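Inspection log for the structure reproduced underneath, given as structure tokens.
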Amino acid sequence: MFSIFKKKTEKAELCFKTDIHCHIIPGIDDGSPDVSTSVELVERMKGWGINRSIASPHVTQETFENTPETIAPALTALKTELEAREIDVTLSHSAEYRIDEFFLSQLDCGNIVPLPGNYLLVENPFFQEPWNIDQLLFDLKVRGYKPILAHPERYFYYYGNKRARYDELHNVGTLFQVNLLSLAGYYGKDEKIIAEYLLEKGYVDFIGSDLHRHVHADAIEAYLLSKEYRKLRQNLRLLNDTL
């Protein structure tokens, strides 16, 4: 008779339906190792309200020199399994393009797969900013692309008294994509602080899961159930679902 007073089970739910940054295509980078794991990750994402995933496998010189030709068979295998299990999700791919010589070579030969609307997710090296990044971002815009800088909160060389670099990059039209894992504190306190700083500045245009494996999903789910996230989501104005 007292069941009406029971607390409702909380649900880990995102405030957007489209994830533009995840590594769920099996066996082609450091993300999901096989189709079975990919299906499990997709099911977990669906539990958060994601019904459209634009996978972003790494395209990185020497380590993951992926091209549309290497991505397509793995994506097809995952789609086939999802259909067999009647898991309803819209799945496509672009990539997370590391700014390096391999990316430039692929760009020059037209072997790039942008996000819808010609958005392009690019990633800095983790140890230093590319010396020609301003020119490169300008050139991408001249070519008709709309560059999105992946997880700018993870580049330590923009911390401290270098934070003005965020202003410079965003003010010239470079969009920013922050990771849920950064906001959750998964990588550490510095990444979380900077992610929250970028939110306060109004510089976060996209949020992505950057999901690679189940431990990432665990961290995201814990964060989505937190009071911190419930408060944050009320003020988010993202472009995820406009693509």
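What does the helix-only formula give at 222 nm for the chain: each DSSP H stretch with n ≥ 4 adding -39500 (n - 2.57), the total divided by the residues, and the result rounded to the nearest 500 deg cm²/dmol?
Per the formula, -11000 deg cm²/dmol.
Roughly how many whole Å is it from the C-alpha centroid of region 18-93 to that of region 167-231?
21 Å
How would you rank V59, V142, V172, going from fewest to most other Cβ atoms within 10 Å of each one's own Cβ?
Ascending number of Cβ neighbours within 10 Å: V142, V172, V59.
With the Cα gyration tensor of region 150-235 in hand, convert its eigenvalues to equivalent ellipsoid semi-axes via √(5λ) and list them largest first in whole Å.
22, 14, 12
At a 10 Å Cβ-Cβ cut-off, how would you order K227, K192, K11, fewest neighbours first?
Listing K227, K192, K11 from fewest to most nearby Cβ atoms yields K227, K11, K192.
So how do 75-81, 39-45, 219-225 stack up, highest first, on mean other-Cβ count within 10 Å?
Final packing ranking: 39-45, 219-225, 75-81.
For E200 and S105, FRET efficiency with R0 = 30 Å and r from the beta-carbon atoms, rounded to 0.05?
0.20
Provide the convex hull volume over Cα atoms per residue for region 1-138, in Å³.
161 Å³
Starting from 0.36 nm per residue, how many nanometres of slack lie between D167 and S36 once their C-alpha separation is accounted for?
In short, 43.0 nm is gained.
Could you state the per residue volume, in Å³, of the convex hull enclosing the Cα atoms of the chain?
Output value, Cα hull per residue: 136 Å³.
Can you give the FRET efficiency for E228 and N132, using 1/(1 + (r/R0)^6), R0 = 25 Å, r = Cβ-Cβ distance, to the nearest 0.05?
The pair E228/N132 has a calculated efficiency of 0.10.
Taking each pair of distinct Cα atoms in region 52-130 once, what is the resulting Kirkwood hydrodynamic radius in Å?
This gives a value of 13.6 Å.
What distance in nm separates the simple spin-label points at V215 and K141, each placed 7 Å from Cα in the Cβ direction?
3.9 nm
What is the calculated FRET efficiency for K189 to T63, with r their C-beta to C-beta distance and R₀ = 30 Å, to the nearest 0.05?
E between K189 and T63, to the nearest 0.05, is 0.60.
A short reminder: the numbers here are calculations on the coordinates, not readings from a lab. A quick note: this is a predicted structure, and the numbers were derived from the prediction, not measured. Neighbour counts run over all protein chains shown; Cβ positions are idealised from the backbone, glycine included.
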